[in-house]
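Enquirer: What follows is a single structure, and I will ask about it in a moment.
Throughout, read-outs are computed from the coordinates displayed, never taken from laboratory work. Bear in mind the structure is a predicted one, so any value in this text is a computation, not a measurement. Counting neighbours? That spans all protein chains shown, and the Cβs are built from the backbone with ideal geometry, glycine included.
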Amino acid sequence: MIRQVIRTRFVDDVNNFEYTFEAIEDSIEIQKTENGYTVYYAIYHGYPPNPREWDNLGTMVCQHKRYNFPYEENFNSIDELIKHIKKENVIALRIYLYDHNGLCVQTTPFSCPWDSAQIGFIFCTEEQLKKEGITKEQAVEVMENEVKTYNDYIQGNVYCIVRETYNQDKEQIDYDIVADCYDYDHVLEEIKRQAD
């Protein structure tokens, strides 16, 4: 059986390129090369990987009656989790949820008492710090970034960086997805880095 593949092209009237994907307009970076052009741009990631499936420093344990947030270690009760957190060899941050027209998680409380609450913790042990060769301050920063990345994931702030090559006549030769990024500011930095 032969299936027809429809390829959509997005026209950039300003720069006179036809892109394979719909580029986020302010992310387009064009380089003139010896043989033509290389174009980098960002697109929304359709199926981003869950960052909690990566090799993370922090263990995230959250509970909510309506949402399935990470519950990465088995505790029989919240009291058991809190006892574990209070041990001297555990570095922990609270995780808060703001639930109003979308979800947002972070490690500091939100100002709205009606639509926000603590939903869990992210923590690591001093043994992990020794193994990773980092300080408590560095561990706190890493875990804050892990929560921020997870927040980007649940909000859909995940992007792919596309590289397309063109000949001198601006006809496309090839394209490739070269990176996945969480956080739009990071995307713009990564595009500039890729283009250099």
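Enquirer: Check which residues have an amide H placed less than 5 Å from residue 71's amide H, if you skip close sequence neighbours.
Expert: Placed amide hydrogens put 62 under 5 Å from residue 71.
Enquirer: Let me ask you something else. For a protection proxy built on the mean count of beta-carbon atoms within 10 angstrom, sort 73-85, 145-157 highest first, please.
Expert: Details: 73-85: 12.1, 145-157: 18.2.
Most protected by this proxy first, the peptides run 145-157, 73-85.
Enquirer: Which whole-number percentage describes the relative contact order of the chain, with Cα contacts under 8 Å and a sequence gap of 6 or more?
Expert: Details: 322 pairs, mean separation 48.2, N = 196.
Taking the mean separation of contacting Cα pairs over the length of the chain, I get 25 percent.
Enquirer: While we're on this one: Whole angstrom only: what separates the Cα centroid of the range 39-92 from the Cα centroid of the range 131-181?
Expert: 19
Enquirer: Going by C-beta contacts inside 10 Å, put 162, 11, 90 in order with the fewest on the left. Working shown, then result.
Expert: On the way: 162 22, 11 10, 90 16.
Lowest count first: 11, 90, 162.
Enquirer: A follow-up question, please. Work out, step by step, the length gained on full extension between residue 184 and residue 117: first 0.36 nm times the residue separation, then minus their alpha carbon distance; give nm to one decimal.
Expert: Details: separation 67, 0.36 × 67 = 24.12 nm, distance 2.63 nm.
Working it through step by step, the gained length comes to 21.5 nm.
Enquirer: Give a residue-ordered list of calculated ³J(HN,Hα) values for the range 164-169 (Karplus: 6.51 cos²θ - 1.76 cosθ + 1.60, θ = phi - 60°; whole Hz; x for Gly, Pro).
Expert: So the Karplus estimates, Gly and Pro as x, are 10, 10, 10, 7, 4, 8 Hz.
Enquirer: Next question, about the same structure. Placing +1 at every Lys and Arg Cβ and -1 at every Asp and Glu Cβ, with all other atoms neutral, what dipole size does the chain have around its Cα centre, in debye to the nearest 20?
Expert: Values: 19 positive and 36 negative charges, 153 e Å.
Charge dipole of the chain: 740 debye, to the nearest 20.
Enquirer: Hey, what's the Cα Rg ratio for the chain versus the globular rule of thumb, 2.2 N^0.38 Å? Provide the component values of the computation, followed by the final result.
Expert: Working: Rg = 21.7 Å, N = 196, 2.2 N^0.38 = 16.3 Å.
Ratio of Cα Rg to 2.2 N^0.38 Å: 1.33.
Enquirer: Modelling each spin label as a point 7 Å along the Cα-to-Cβ direction, I'd like the residue 72/residue 25 distance in nm, to one decimal.
Expert: 3.9
Enquirer: Please enumerate, by chain and number, the aspartates and glutamates with C-alpha under 14 Å from the C-alpha of residue 86, excluding those fewer than 8 residues away in the same chain.
Expert: The reachable aspartates and glutamates, counting only those whose Cα sits under 14 Å from residue 86, are 126.
Enquirer: Moving to a separate point now. Taking 2.2 N^0.38 Å as the expected size of a compact globular protein, what ratio does the Cα radius of gyration of the range 51-155 give against it, to two decimals? Display every interim value, and only then the final one.
Expert: On the way: Rg = 13.6 Å, N = 105, 2.2 N^0.38 = 12.9 Å.
In units of the globular-protein estimate, the range 51-155 measures up at 1.05.
Enquirer: Taking 0.36 nm per residue of sequence separation and subtracting the Cα-Cα distance, how much length would be gained by fully extending the chain between residue 108 and residue 125, in nm to one decimal?
Expert: On the way: separation 17, 0.36 × 17 = 6.12 nm, distance 2.06 nm.
Going from the current span to full extension adds 4.1 nm.
Enquirer: Pulled fully out, how much extra length does the chain show between residue 65 and residue 32, if you take 0.36 nm times their separation in residues and subtract their Cα-Cα distance?
Expert: 6.5 nm
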